[in-house]
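In what follows, a single structure is set out as structure tokens and then discussed.
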Amino acid sequence: MAYDSMSDFIQTLEENGELVRISVPLKTNLEITVVADREMKKEGGGKALLIEKPILADGSISQFPVLINAFGSWKRMALCLEAKSVQEVSDQMAYLMKAKPPKNFSEAWELLKNGIDVIHARPSRVKTGACKEVIHRIDLGSEKFSLKDLPVLKCWPHDGGPFVTLPTVYTVDPDTGERNIGMYRMQIFDGKTTGMHWQLHKVAARHGRRYFEEGKRMPVAVCLGGDPVMTFAATAPMPDGLDEVLLSGFLRKKSVPLIKCESIDLEVPANSDIVIEGYIDPTEPLRDEGPFGDHTGFYTPIDQYSAFHVTCITHRANAIYPATIVGKPPMEDLYLGWASVLIFKPILKMNFPEIVDIALPAEGVFHNLVFVSIKKQYPYQAFKIMNGLWGMGQMMFSKIIVIVDAHVDVHNTSEVLFYLCANIDPQRDTIFTKAPCDSLDHATTEPNIGSHMGIDATKKLPGEGYKRGWPEEMSIPQEVVEAVWKKVL
């Protein structure tokens, strides 16, 4: 069954030995970071942590416990997706990509047996939900509750303030009505105002530009907690225009219950733990946001972003506040990224059938380094894959793409580096191109634009100008190896 709340997920984590409760009061200012950072860097990602008594900026204990590192291992990602493994979900996606629409009951049953319950992808609508057990209408003058009552973390010493780090942000295209769910950090400016760090290339930023052109306020809803699959969906590399709610319904095998917000015309999951409603006025001047200790391992500097004005906050009576910290890898977000690559790999392979596997090493902090293995069949095929990947959504930010042959394990960085060093003539096998860059990349001369490098580390063919005859790799025949070990053992 799908999770109905963050508390449900916590119970599952605890039953599976994946949760540590911390009853000692810890400050939201840096202290939770100290504990979480050490846990995230443990072998295999450590455990999820439930900080039962987070200390707010005013010294009081928050009514909301903080859950952190909930997604920080392969096992916890599988539990989030309610699967035996993330690979199982990837296999379901691959089956769906190959499946033809069922023509009769037996074919439909075959789809269901393979876990492809697409019926539940569509959301349901409800009139009441747990996310509205407590309602604070800030736009109507409620002074009893504000953003400062949430245990929002100040993660690193030079951060510009506390940041909401694990929100799912709901916006709608004003022209088509298409919904988007993204994850954008939110700096707390005061009790009812935050920054909204959606970068230039993000879908929500495109929505914002349309509201600016029309001179209208942009309704925005921010959800925290609920079914953890919603958090994963917000980070997934969905194409612009495809609804993350549909992906969530497919993954949880149960329709996502949506409920109308109190103060704005948007729908949100009714099982959320906390909902922050509000708007962005695109005609307002932008505000300074940052610095922020980011997943790059460096502080991103002060920049200007839109201000988010809070009109209403609703929450469960026993809500859990989910958070994360980012920084030098490995961190919790590593597993969210790896899960996305694995689950969406069948879609990449549908576009590029020669791809065998793909990996984003931790050291590349997602966008900076991509390893791809292919079944090479013709000259310059590696370059075709590089250019194709740079043209696919968030892959446009990939700074370095390395292509290797099919037998190379792209998840073994040492093995990839061996073939990279062995198989390339740098001038012949390297290409550079200009393209948009990640806004967080501090190395580019200008923000948001820069260069990308592709390296062909595959065996070279005569058609690629290689005339010497490629050497044979050293190995001992398997029958000799087996015969020797029979003698020894």
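No value in this document is a laboratory result; all are computed from the given coordinates. Owing to the predicted nature of the structure, the values given are computational and were not obtained by experimental measurement. Cβ placement follows ideal geometry from the backbone for every residue including glycine, while neighbour counts extend to all protein chains displayed.
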Which residues in segment 238-257 have a backbone N closer than 18 Å to a point placed 7 Å from the Cα of Arg210 along the Cα-to-Cβ line?
-> 238-246
Neighbours of Asn69 by Cβ distance under 11 Å: Lys/Arg at +1, Asp/Glu at -1, summed charge 0
If the cut-off is 17 Å between C-alpha atoms, which lysines fall inside it for Lys253, apart from same-chain ones fewer than 8 positions away?
-> Lys84, Lys113
Looking at the P(r) of segment 198-307, how many percent of alpha-carbon pairs lie beyond 17 Å?
-> 65
For Glu14 and Ile61, extending 7 Å from Cα along the Cα-Cβ vector and measuring point to point gives, in nm, a value of 1.6
Taking the Cα centre of segment 6-323 as origin and charging only Cβ (+1 Lys, Arg; -1 Asp, Glu), how large is the dipole, in debye to the nearest 20?
-> 560
Within a Cβ distance under 11 Å of Glu464, other residues only, what is the Lys/Arg minus Asp/Glu net charge?
-> +2
Rounded to the nearest whole number, the per residue volume of the convex hull around the C-alpha atoms of segment 352-464 in Å³ is 99
Amide H neighbours of Phe308 under 5 Å, counting only residues 5+ apart in sequence or on other chains, H built in-plane at 1.01 Å?
-> Thr194, Gly195, Met196
Rounded, prolate or oblate: pick one for segment 254-310, where a ≥ b ≥ c are the square roots of the eigenvalues of its C-alpha gyration tensor, a/c under 1.5 means rounded, and failing that, prolate if a/b is larger than b/c, else oblate.
-> oblate
For Glu15, Glu277, order by how many other beta-carbon atoms lie within 10 Å, fewest first | Glu15, Glu277
Phi to ³J(HN,Hα) by Karplus 6.51 cos²θ - 1.76 cosθ + 1.60 over segment 244-254, Hz, x for Gly, Pro = 5, 5, 5, 4, 5, x, 5, 5, 8, 6, 7
Once you list every other residue whose beta carbon is under 12 Å from the beta carbon of Ser7, what net charge do they have if Lys and Arg are +1 and Asp and Glu are -1?
-> -4
In nm, to one decimal, how far is the modelled label at Glu133 from the one at Asn318, with both set 7 Å along Cα→Cβ?
-> 0.7
Which FRET efficiency value, to the nearest 0.05, do you get for Asp190 and Phe418 by plugging their Cβ-Cβ distance into 1/(1 + (r/R0)^6) with R0 = 56 Å?
-> 0.55
Taking alpha-carbon centroids only, segment 399-432 lies from segment 358-372 a number of Å equal to 12
Percent of Cα-Cα distances greater than 39 Å, calculated over the chain = 27
Anything over 18 Å Cα to Cα? Flag those among Lys202/Lys345; Lys349/Lys375; Lys132/Lys154; Lys345/Lys434, in the order listed.
-> Lys202/Lys345; Lys132/Lys154; Lys345/Lys434
Subtracting the Cα-Cα distance of Phe383 and Leu200 from 0.36 nm times their residue separation yields 63.1 nm
Expressed in nm to one decimal, what extension gain is obtained for the pair Ser451 and Lys41 from 0.36 nm per residue of sequence separation less their Cα-Cα distance?
-> 144.5 nm
Applied in sequence order to segment 81-87, the curve 6.51 cos²θ - 1.76 cosθ + 1.60 (Karplus, θ = phi - 60°) yields integer Hz couplings, x standing for Gly and Pro, of 8, 6, 10, 5, 7, 5, 4
Simple label model, 7 Å out from Cα along Cβ direction - Arg468 to Ser142, nm = 7.2
So how do Trp485, Trp156 line up by other beta-carbon neighbours within 10 Å, fewest first?
-> Trp485, Trp156
Note: Val34 to Asp175 extended length (0.36 nm per residue) minus current alpha-carbon separation gives 46.3 nm
For the chain, what does -39500 (n - 2.57) per DSSP helix run (n ≥ 4), summed and divided by total residues, give at 222 nm, in deg cm²/dmol to the nearest 500?
-> -8000 deg cm²/dmol
Given H placed 1.01 Å from N in the peptide plane, which residues other than close sequence neighbours of Ile400 have an amide H under 5 Å from its amide H?
-> Leu369, Val370, Met453
Based on other C-beta atoms within 10 Å, arrange Trp198, Trp338 from fewest to most.
-> Trp338, Trp198
Can you run phi through the Karplus equation (6.51, -1.76, 1.60; θ = phi - 60°) for segment 160-166 and list ³J(HN,Hα) in whole Hz, with x for Gly and Pro?
-> x, x, x, 10, 6, 10, 10
